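Asks: Sharing a structure below in structure tokens format, with a few things to ask.
The numbers here are math on the coordinates, done by the rules we state, and not lab data. Every value quoted in this text rests on a predicted model; they were computed, and no experiment measured them. Cβ: placed from backbone, ideal geometry, glycine included. Neighbour counts: every protein chain shown.
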Amino acid sequence: MLTADEVRGVVAVMPTPAKEGAERVDATDTVNLDETARLVEQLIKDGAGSIMALGTTGECATLSDEDYEKFVDCLLSTVRGRIPTFVGTTALGTQKIAQRIKFVKELGASATLLGIPMWQPATLDMAVQHYADISKAFPDFGVMVYANARAFRFPFGVDFWQGVAKKAPNGNGGEVQQPGDPQGSLGDNEP
């Protein structure tokens with residue numbers, strides 16, 4: 001399992017390249033896989049220490065299952081284990097998240113970038129339990145907590161991080177962004 005000590009240098013946050021017309025309501029096959037492979041190779045050539053894909057800029061929650069799977073396959077077959085790769089698996093519910101984690105793990109992802117299920121705002125207990133449940137289901141797979149307060153409508157305060165540290169032992173870091181804080185610093189919420 002990937003550990004926090006193995007993540008070094010720049011973590012490149014990768015968008016998901018879209019094909020022309022991907023914004024149409026009836027669009028299918030929307031991901032530009034040639035551009036995905038080119039971008040991955042360029043990020044590695046430019047010295048990225050790891051890649052993070054399928055967060056909010058990567059459209060994790062909005063890609064069709066088919067486009068999600070094609071993108072992940074292209075991403076991971078291009079990376080070929082050369083650098084750690086965090087693949088977003090956030091979805092509306094925990095069962096879908098578990099299916100996605102199993103899929104990305106089987107294809108060779110180093111860890112997942114995981115937010116809170118995107119349906120109803122979570123309480124502190126619900127949020128911590130979510131990561132505890134995933135930790136229990138996938139004890140040998142790293143989880144980077146995707147702590148985007150704006151996207152998940154949750155504050156990710158010190159009490160959250162303390163709960164995750166106790167109950168989710170394979171939670172090995174977090175991308176943290178607070179409302180009004182585009183740089184992602186924790187400010188007064190620093191754990």
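Asks: Treating only the Cβ atoms of Lys and Arg (+1) and Asp and Glu (-1) as charged, compute the dipole magnitude of the chain about its Cα centre; round to the nearest 20 debye.
Replies: Dipole of the chain, to the nearest 20 debye: 400 debye.
Asks: Just to verify a number: FRET efficiency for ARG38 and ALA4, C-beta to C-beta distance, R0 = 30 Å, to 0.05?
Replies: 0.50
Asks: Continuing with the same structure: Measure of size requested: the Rg and Dmax of the chain, with Cα atoms as the atom set and Å as the unit; please supply both.
Replies: 16.0, 46
Asks: Now for a separate question. For the chain, set up a GNM with springs between Cα atoms under 10 Å and report which of ASN148, ASN32, ASN170 has the largest fluctuation.
Replies: ASN32
Asks: Treating the Cα atoms of the stretch 37-145 as identical point scatterers in vacuum, please give the log10 of the normalised Debye intensity I(q)/I(0) at q = 0.16 Å⁻¹, two decimals.
Replies: Cα-only, vacuum Debye calculation for the stretch 37-145: -0.69.
Asks: Further question on the same structure: Over 29 Å between C-alpha atoms is what I'm after, so list which of LYS70/LYS167; LYS45/LYS96; LYS45/LYS166; LYS70/LYS166; LYS105/LYS167; LYS96/LYS166 land there.
Replies: With Cα atoms farther than 29 Å apart: LYS70/LYS167; LYS45/LYS96; LYS45/LYS166; LYS70/LYS166.
Asks: May I pose another question? Highest mean first, how do 83-91, 12-20 rank when packing is the count of other Cβ atoms within 10 Å averaged over residues?
Replies: Descending packing order for the listed peptides: 83-91, 12-20.
Asks: Here is a follow-up. Measure nothing fancy, just the Cα-based angle from helix 65-79's long axis to the longest principal axis of the chain, in degrees from 0 to 90, nearest 10.
Replies: 80
Asks: Where does each of THR94, THR3 land when they are ranked from fewest to most other beta-carbon atoms within 10 angstrom?
Replies: THR3, THR94
Asks: According to a simple spin-label model (label point 7 Å from Cα along Cα-to-Cβ), what is the distance in nm between THR57 and ASP26?
Replies: For the pair ASP26/THR57, the computed spacing is 3.3 nm.
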